[in-house]
Every structure is written in structure tokens, then in C-alpha cells.
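The values are calculated or read from the model by the stated rules, or taken from the named source; none is laboratory data. All of these numbers come straight from a predicted model, not from anything done at the bench. With ideal geometry, Cβ positions are generated from the backbone for all residues, glycine too; neighbour counts draw on all protein chains shown.
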Amino acid sequence: MKRVVLVSLAVLLTPLLTALWAAPGSAVLPPGQWILNAGATVNFVNMDINSCNTDFAFFLIFDSTGHQITSPNLGNNNGSQCSDTALGPSSYTNISGQKEIVKLRLDDTTCGARLYDSDGSGAANHATVSGKLVSINDGGAACRNADVTSRPTKRLGSFNATLIFK
């Protein structure tokens with residue numbers, strides 16, 4: 001009896017919850033992508049690159065059709081490889097009047113400019129996302145992990161950042 005009630009409740013609530021979490025006509029975003037509402041700001045804080053490879057960090061903004069709008073550089077460790085390089089905070093405000101999509105990217109120039117994104121896309125899945133905390137690995141020493149899955153422990157990636165939405 002309890003199982004029948006729970007299944008019935010799940011069937012009834014699924015459309016309601018889907019409508020609350022996803023905009024009409026859009027899919028729920030995968031981990032590592034976030035919606036930035038019109039007029040809202042995303043702050044990128046607690047960022048660092050800790051790698052012996054030369055890495056550049058970016059954030060990417062897409063419109064609702066998937067067209068990339070911008071990809072500002074958050075910083076790099078060029079000249080300070082093999083040490084923890086703190087990156088200053090950065091922010092972006094959506095002035096488009098429509099929802100935009102945010103994700104992070106690590107560009108490992110040591111491994112032939114391989115790209116690794118916070119949603120697991122790119123050369124291989126090198127991202128770990130926990131809420132709005134992101135860690136992304138680069139290709140590793142001698143690029144051994146460049147094209148294979150290499151998901152870091154939280155806050156122990158080659159690039160780490162926290163996103164704050166306002």
C-alpha cells in the first residue's frame with residue numbers, strides 16, 4: 001500500500017517539479033552548466049591553478065540557442081608552473097535580457113591546447129562539480145591523462161573555482 005502511494009505521488013509530482021526547475025521548452029542543464037538569469041551576476045572566487053603544465057582558465061557564456069557569446073580569461077599559471085597560483089576574483093553580469101548559460105573551461109597548452117570543461121565536455125571528462133564548486137584537471141604529467149577520464153577530488157584539481165550567483 002505504501003509503495004503504491006509513493007509511486008502515485010511520484011507520478012503526480014514529476015511534471016510539477018520538472019516545470020519548476022526547467023524553463024518552458026528547455027532541458028535541465030547537466031552538472032557543470034548553470035543558468036544566469038537576465039540582470040543577474042555570477043562571481044568567480046576562490047580560484048587557483050596548481051599544476052606543472054601551463055594552464056589558462058576561462059568562463060564561457062552561451063545564449064539560449066547554444067551560441068557562445070563570450071569567453072573571458074580568468075587567469076593562468078604561465079611562469080609559475082609547479083606552484084599554487086591564486087587567481088583574482090572575476091564577475092560577469094547578464095545584460096542580454098534573456099537567460100544565459102555559464103560554464104568553466106581549462107585550456108592545457110602543455111598538452112597541445114586540450115580543452116576541459118566543467119560539464120565534462122572537451123578532450124575528456126576532467127571535471128568534478130559539487131553545487132557551485134568546480135575542480136578541473138589538466139592533462140597531467142607528460143600528458144598521460146590528456147584523453148582519458150581524470151576527475152579530481154573536490155578542490156584538488158589543476159583548476160579550482162567557486163561560483164556565486166547574485
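Name the single residue, out of those in the stretch 69-99 being closer than 16 Å to Phe165 by Cα and of a type in the set (Val, Ile, Thr), that is surrounded by the most Cβ atoms within 10 Å (Cβ to Cβ).
It comes out as Thr93.
Scan the stretch 61-76 and tell me whether some residue there is touching a residue at least 24 places away in the same chain (Cβ under 8 Å), farther than 24 Å from Leu29 by Cβ and either touching a Leu at 6+ places or on another chain (Cβ under 9 Å) or of a type in the set (Asp, Glu) (or both).
Scanning the stretch 61-76, I find at least one residue that is touching a residue at least 24 places away in the same chain (Cβ under 8 Å), farther than 24 Å from Leu29 by Cβ and either touching a Leu at 6+ places or on another chain (Cβ under 9 Å) or of a type in the set (Asp, Glu) (or both), so the answer is yes.
Answer yes or no: is there a residue in the stretch 4-13 that is closer than 22 Å to Phe165 by Cβ and either loosely packed, with under 12 Cβ neighbours inside 10 Å or modelled with pLDDT of 95 or more (or both).
Within the stretch 4-13, none of the residues are closer than 22 Å to Phe165 by Cβ and either loosely packed, with under 12 Cβ neighbours inside 10 Å or modelled with pLDDT of 95 or more (or both).
Looking only at strands (runs of 3 or more DSSP E) that fall completely inside the stretch 84-166, which ones have 1 or more residues that are at pLDDT 95 or above and closer than 19 Å to Ile69 by Cα?
Correct list: 90-93, 100-108, 114-117, 159-165.
Please enumerate the residues belonging to the stretch 74-83 that are at positive phi and in a strand (DSSP E or B).
Passing the criteria: only Gly75.
Taking the options Arg105, Arg151, name whichever one is farther than 17 Å from Trp34 by Cβ and basic (Lys, Arg).
Being farther than 17 Å from Trp34 by Cβ and basic (Lys, Arg) holds for just one of Arg105, Arg151, which is Arg151.
Consider only pairs whose beta carbons are under 6 Å apart and that are at least six residues apart or on different chains; among these, list those whose first residue lies in the stretch 101-129 and is over 14 Å from Thr54 (Cα atoms) and without any contact (Cβ under 8 Å) to a residue 60 or more places away in the chain and whose second residue is of a type in the set (Gly, Ala, Ser) and part of a loop (DSSP other than H, G, I, E, B).
His126/Ser150
If I ask for residues that are of a type in the set (D, E, K, R) and farther than 25 Å from Gly139 by Cβ, which ones from the stretch 58-90 would you list?
Within the stretch 58-90, just Asp63 meets the criteria.
From the list Gly88, Gly66, Gly32, Gly75, which residue is under 19 Å from the mean Cα position of the chain (by Cα), of a type in the set (Gly, Ala, Ser) and under 21 Å from Thr153 (Cα atoms)?
Gly32
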